[in-house]
Structure formats: structure tokens, C-alpha cells
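Visitor: Dropping a structure here in C-alpha cells format, bear with me for questions.
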Amino acid sequence: MNKTIRIAQNGGPEVLKLVDFPLGKPGIGEVRLHQKACGLNYIDVYFRTGLYKQLLPAGLGLEGAGIVEEVGPEVTNVNVGDRVAYAGGPTGAYAERRIMPASVLVRLPDAISFETAAAVMLQGLTVQYLFRRTYKIKPGETILFHAAAGGVGLLACQWAKAYGVKMIGTVSSDAKAELAKANGCTYTVNINEESFVERVEEITKGKGVPVVYDSIGKDTFFDSLNCLSPLGLMVSFGSSSGPVPDFNLTELSSRGSLFITRPSLMHYTAVRSDLDQMATELFAMIERKKLRVQINQRYALADVAQAHKDLEARKTTGSSILIP
Ligand SMILES: NC(=O)c1ccc[n+]([C@@H]2O[C@H](COP(=O)([O-])OP(=O)(O)OC[C@H]3O[C@@H](n4cnc5c(N)ncnc54)[C@H](OP(=O)(O)O)[C@@H]3O)[C@@H](O)[C@H]2O)c1
């Protein structure tokens, strides 16, 4: 049996069905992968609910790690037996085995386990491009980062600390605040108890921050803009509370000629040499122990509906993986 999660329609976690999905032979440029672990990411919720569209029925999941079992014609970058991982499309990562384009696979160093790779590829490459390309964080700066105790968030706490950056991280509980601090976040704001706009003003002595990384979307968008110093950059990279509402561009000029970007990992990894460089840097951060990947939830693939429920209910911290 090739255990695979498929959805026939968009909806709640109940649409996630465990099926035996037959696999053909890998075609030109493809491999068959035996996956040892799959990543769970908030983007999977967007695909499940239909906020992000795909033709149905379809698989779900964008991240996995495992062993190349069979190689199709014209594949030159990996061989049978290689340990590999990926972050990105096509969806269908929630599976024991799958056919995958070889062009997106990255070979794993011996020191990186399958579980670590499945937990960190998507979230870690995201922090890499957010901090090193979208806006290059600089030692001594103070930045605002939302959902600091989440999967992307805990990696961001550690990465910011490694670069000498003071991170103000928002969280929804005191326990999450402790966790973010233990991971290198300098200041935490419990959004259920205090205003993050006021805390940023207080911490930066009224100056504001040069960059806000906002993955919450609807609930935080305008307040995040209020935290920026003139000419600051708003990085709106997710919508866990719902999509950002339409807004007038004067919202940017009236707050000090702000910049805004809505980045996506797949565009930053589209050029193969960029993906290689990003993955090399990410793995080096782990091998040098600057990043400790925290897999705080492990689920059997069959329990994926519970995993989605926990993620949406804000019950998870750090990274989560599914074991096929
Ligand atoms: N653009 C990209 O390239 C890219 C790549 C990767 C991830 N992302 C985005 O980054 C964000 C984090 O992803 P992740 O997989 O690491 O998830 P996560 O941060 O582990 O989980 C989402 C967190 O968002 C916070 N949150 C605030 N309001 C929420 C709401 N109404 N419903 C649910 N959660 C809410 C919760 O933290 P608190 O309870 O502490 O508030 C929750 O734990 C997501 O928005 C994702 O789409 C974007």
C-alpha cells in the first residue's frame, strides 16, 4: 500500500482522506521517492480550505525527505539511494511514496536527518530568504516578527540572534513567550494582553522598526504598518488570520513613504543556483549549531486531520512533521 493523503473537495480537516494511491514509473526528469518524513506547514491549510487554488482531487503538502528509489530518464542530479529533501510544489508531499521532479531535490548532508530536513526545508529556507534577501537584517537592528513561537518563528528567533539582531516577537500566550525568548527573541509581546504597536514604540523610543515580518495578515496588517519607521519595509508573507484586506496606497505614503512586498518561497528558489546556495547556508547554520530545529509535534500520516486541527487552533509550537 502507498499511503497517501488526498482531498476531493476543499473544506475542514475532515476532507483529508488516507488512501492507497498507485504510482506509475517516474517519467522524464522525475524520480520515485520513498519518504521517511513529511513537513506540516500553514500553507497546507490554505490549499485545504481553497484559499490557494489547485485542481481537485489532489494531494496536499509541499515538503518531504526520503530516499530516491527509482530514477526516470534524463535525471542527472540524483541517483538511486540518495538521501534528499525538497520544499515546494507540486502538492502531494503527504505520502509514503511519490513521483517528484528531480530538479527541486536537494541532497542531504549526513548530519541532517530525514525528520530534521522535513521539518526545516520550507520554514528554514523561508527565514533564509526573508532575512538575507527580502530585507538584509543587520547587527544591532531591532525588527518586528509575528508568530515568533511558530515553525517559521522559532527559526527566525535563532537566526536573528545569530546575526546580532534584536527581535520583537509576537505570541498569543506566556508559555509561547518563554519559548520564543529561550530561542533568542529579545522582546516578546503577548498580543492577548498588550498592544504590539505600543510595545514597539516603547522599545524603539518612538522610532519604529525598519522592517516588519507579518505572516498573520488580516488581524495585524494595519497595526504592523504603524510599527514601521519612515521608508520602512512591510514584508507580508502569510495570512494565518485571513487575507490582508484591500487598501489604498496612500496608507503607505501617510505613514512615511513605506515599502511593501508580498514574497513567496517558490520565487526565491526558482533559480537552481539560488536554491543550492540557500540550502547550503541553511544546512551550515544547523551543522554549526546556530539553528536547533525543534520538532515539537510528530503525527502519524493517518492522523493528519488532527495535525491540521492543532495547527489552526494555535496549539502547536515550532515545527511539526508527519511520519508515513
Ligand atoms: N510566503 C512564504 O514564502 C511563506 C513560507 C512559509 C510560511 N509562510 C507563512 O508563515 C506563517 C507561519 O507558517 P508556519 O507553517 O510556521 O505556521 P506557525 O507559525 O507554526 O503557525 C501559525 C501561527 O500563527 C499565529 N496566528 C495568529 N493568528 C492566527 C489565527 N487567526 N489562526 C491561526 N494562527 C494564528 C499562531 O501563533 P500565536 O498563537 O503565537 O499567535 C500560530 O501558531 C504562515 O502564515 C505561513 O503561510 C509563508
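Visitor: Against the condition closer than 19 Å to Val171 by Cα and surrounded by fewer than 21 Cβ atoms within 10 Å (Cβ to Cβ), how does Glu287 come out, does it pass?
Guide: Numbers: closer than 19 Å to Val171 by Cα: no; surrounded by fewer than 21 Cβ atoms within 10 Å (Cβ to Cβ): yes.
Considered against the rule, which asks whether it is closer than 19 Å to Val171 by Cα and surrounded by fewer than 21 Cβ atoms within 10 Å (Cβ to Cβ), Glu287 comes out as no.
Visitor: Answer with yes or no whether Gly217 is surrounded by 24 or more Cβ atoms within 10 Å (Cβ to Cβ) and either at pLDDT 95 or above or assigned by TED's automatic domain parsing to the domain that holds Ala284 (or both).
Guide: Values: surrounded by 24 or more Cβ atoms within 10 Å (Cβ to Cβ): no; either at pLDDT 95 or above or assigned by TED's automatic domain parsing to the domain that holds Ala284 (or both): yes.
So Gly217 fails the test.
Yes or no, residue by residue, for (1) in contact (Cβ under 8 Å) with a residue 60 or more places away in the chain; (2) assigned to a loop (DSSP other than H, G, I, E, B); (3) within 17 Å of Ser215 (Cα to Cα):
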{"site": "Gly140", "(1), (2), (3)": "no, yes, no"}
{"site": "Ala148", "(1), (2), (3)": "no, yes, yes"}
{"site": "Leu155", "(1), (2), (3)": "yes, no, yes"}
{"site": "Lys161", "(1), (2), (3)": "no, no, no"}
{"site": "Met167", "(1), (2), (3)": "no, no, yes"}
{"site": "Leu179", "(1), (2), (3)": "yes, no, no"}
{"site": "Val189", "(1), (2), (3)": "no, no, yes"}
{"site": "Val197", "(1), (2), (3)": "no, no, yes"}
{"site": "Glu201", "(1), (2), (3)": "no, no, no"}
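Visitor: Here's a follow-up. Would you check if Ser273 is surrounded by fewer than 19 Cβ atoms within 10 Å (Cβ to Cβ) and within 17 Å of Arg132 (Cβ to Cβ)? Outline the logic, then answer.
Guide: Values: surrounded by fewer than 19 Cβ atoms within 10 Å (Cβ to Cβ): yes; within 17 Å of Arg132 (Cβ to Cβ): yes.
Yes, satisfied.
Visitor: So which residues in the range 228-255 are of a type in the set (S, T, N, Q), outside any loop (DSSP other than H, G, I, E, B) and in contact (Cβ under 8 Å) with a residue 12 or more places away in the chain?
Guide: Residues of the range 228-255 that are of a type in the set (S, T, N, Q), as a first pass: 229, 236, 239-241, 248, 250, 253-254.
Filter once more, so that each one left must be outside any loop (DSSP other than H, G, I, E, B): 229, 236, 250, 253.
Answer for the range 228-255, where residues must be of a type in the set (S, T, N, Q), outside any loop (DSSP other than H, G, I, E, B) and in contact (Cβ under 8 Å) with a residue 12 or more places away in the chain: Ser229, Ser236.
Visitor: Collect the residues in the range 201-226 that are within 16 Å of the ligand (Cβ to nearest atom), on the phi < 0 side of the Ramachandran plot and in contact with a Gly (Cβ under 8 Å, 6 or more places away or on another chain), keeping them in residue-number order.
Guide: Going through the range 201-226, the residues within 16 Å of the ligand (Cβ to nearest atom) turn out to be 211-224.
Applying the additional criterion that residues be on the phi < 0 side of the Ramachandran plot yields 211-216, 218-224.
Across the range 201-226, the qualifying residues are Val211, Val212, Asp214, Ser215, Ile216, Lys218, Asp219.
Visitor: Quick check, is Leu125 within 22 Å of His267 (Cβ to Cβ) and either within 16 Å of the ligand (Cβ to nearest atom) or in the same structural domain as Thr316 (by TED's automatic domain parsing) (or both)? Give the steps one after another, and end with the answer.
Guide: Values: within 22 Å of His267 (Cβ to Cβ): yes; either within 16 Å of the ligand (Cβ to nearest atom) or in the same structural domain as Thr316 (by TED's automatic domain parsing) (or both): yes.
It is true that Leu125 is within 22 Å of His267 (Cβ to Cβ) and either within 16 Å of the ligand (Cβ to nearest atom) or in the same structural domain as Thr316 (by TED's automatic domain parsing) (or both).
Visitor: Would you mention how many residues in the range 282-321 are more than 30 Å from Asn192 (Cβ to Cβ) and within 16 Å of the ligand (Cβ to nearest atom)?
Guide: Our first condition is that a residue be more than 30 Å from Asn192 (Cβ to Cβ); within the range 282-321, this holds for 282-290, 300-302.
After this cut, where a residue has to be within 16 Å of the ligand (Cβ to nearest atom) as well, the list is 282.
Going through the range 282-321 one residue at a time, the tally reaches 1.
Visitor: Inspect all residues belonging to the range 239-259 and state whether any of them is in contact with a helix residue (DSSP H, G or I) (Cβ under 7 Å, 6 or more places away or on another chain), farther than 30 Å from Lys17 by Cβ, among the hydroxyl-bearing types (Ser, Thr, Tyr) and surrounded by 13 or more Cβ atoms within 10 Å (Cβ to Cβ).
Guide: no
Visitor: Does at least one position in the range 243-261 carry a residue that is touching an Asp or Glu at 6+ places or on another chain (Cβ under 9 Å) and under 26 Å from Lys315 (Cα atoms)?
Guide: Within the range 243-261, the subset touching an Asp or Glu at 6+ places or on another chain (Cβ under 9 Å) is 244, 258.
Those left that are additionally under 26 Å from Lys315 (Cα atoms): 244.
Yes - at least one qualifying residue is present in the range 243-261.
Visitor: Tell me the residue from Thr280, Thr316 that is outside any loop (DSSP other than H, G, I, E, B) and not acidic (Asp, Glu), please.
Guide: Working: Thr316 fails: outside any loop (DSSP other than H, G, I, E, B).
Answer to the check: Thr280.
Visitor: Out of (1) over 30 Å from Gly208 (Cβ atoms); (2) of a type in the set (Ser, Thr, Tyr); (3) in contact with an Asp or Glu (Cβ under 6 Å, 6 or more places away or on another chain), the odd one out for Ser319 is which?
Guide: Only one criterion is unmet by Ser319, namely (3).
The values are calculated or read from the model by the stated rules, or taken from the named source; none is laboratory data. No experiment lies behind these values; they were computed from the predicted model shown. Heads up, the Cβs are rebuilt from the backbone with ideal geometry, glycines too, and the neighbour counts pull from every protein chain shown.
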